[in-house]
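This report concerns only the one structure given below.
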């Protein structure tokens, strides 16, 4: 498996979108630790940003342009599909792992639909969520991240108990650098 390295991440910070990614290594590295503890082959990353966590994973991209970038280099399949639309174009349990980092909050009140699809197509999942961010009045796009607590995440994930939850503290003063929760499930 070809995992993102800290050197890859540092290179990402040197791009024109690097400022957006500052502080993300704090949770990327925790996700990588979970992945390293697993025996997996086939992975799907939903909304991977400019570098997927697993560079040879399949990636699922929204059909709309992503202002935060899409991978320019990856070796898996590229699946263009709106994650809020069911069913996703994959067979049952076709992936050992689905990764979705900071994407579920953007699913327009269709998070439960998306989570059902994750459970259907995957044996395991790692999702991260903004946690208790507030102050989103400055930019309309930030509203999707505002006031997400554990109860809301439990609602989105159908109250399926995760095997692991990791809390990542704030990584900076900007709104987008707030705390995050990483959830890991085995289905």
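The values are calculated or read from the model by the stated rules, or taken from the named source; none is laboratory data. Note that the coordinates shown come from a computational prediction; the quantities given were computed from them, not determined experimentally. For neighbour counting, all protein chains shown are included, and Cβ atoms are generated from backbone atoms with ideal geometry for every residue, glycine included.
Pairs are defined by a Cβ separation below 6 Å, a sequence spacing of at least 6 or placement on different chains, a first member in the stretch 1-28 that is on the phi > 0 side of the Ramachandran plot, and a second member that is part of a helix (DSSP H, G or I); the pairs so defined are 23/177.
The set of residues from the stretch 54-83 being buried (at least 19 other Cβ atoms within 10 Å of the Cβ) and over 16 Å from residue 106 (Cα atoms) comprises 54, 55, 57, 58, 59, 74, 76. Got at least one residue in the stretch 83-96 being at pLDDT 95 or above, touching a helix residue (DSSP H, G or I) at 6+ places or on another chain (Cβ under 6 Å), closer than 21 Å to residue 187 by Cα and not in a loop (DSSP other than H, G, I, E, B)? Yes, the stretch 83-96 contains a residue that is at pLDDT 95 or above, touching a helix residue (DSSP H, G or I) at 6+ places or on another chain (Cβ under 6 Å), closer than 21 Å to residue 187 by Cα and not in a loop (DSSP other than H, G, I, E, B).
Within the stretch 11-30, restricting attention to residues that are part of a helix (DSSP H, G or I) and touching a strand residue (DSSP E or B) at 6+ places or on another chain (Cβ under 9 Å), the residue that is surrounded by the fewest Cβ atoms within 10 Å (Cβ to Cβ) is 26.
Counting the residues of the stretch 136-183 that are surrounded by fewer than 17 Cβ atoms within 10 Å (Cβ to Cβ), assigned to a helix (DSSP H, G or I) and at pLDDT 90 or above gives 5. Taken together, 79, 59 contain a single residue that is farther than 21 Å from residue 185 by Cα, outside any loop (DSSP other than H, G, I, E, B) and at pLDDT 90 or above, which is 79.
Of everything in the stretch 97-110, what is closer than 13 Å to residue 46 by Cα and either out of contact with any helix residue (DSSP H, G or I) (no Cβ under 7 Å at 6 or more places or on another chain) or outside any loop (DSSP other than H, G, I, E, B) (or both)? Give them in sequence order. Even if it seems obvious, please write down each step before you answer.
First pass over the stretch 97-110, keeping only residues closer than 13 Å to residue 46 by Cα: 97-107.
Within the stretch 97-110, 97, 98, 99, 100, 101, 102, 103, 104, 105, 106 qualify.
When the residues of the stretch 111-135 are filtered to those that are at pLDDT below 95 and surrounded by fewer than 18 Cβ atoms within 10 Å (Cβ to Cβ), the one that is farthest from residue 45 (Cα to Cα) is 135. Scanning the stretch 31-53 for residues that are within 11 Å of the chain's Cα centre (by Cα) and assigned to a helix (DSSP H, G or I) gives a single hit, 31.
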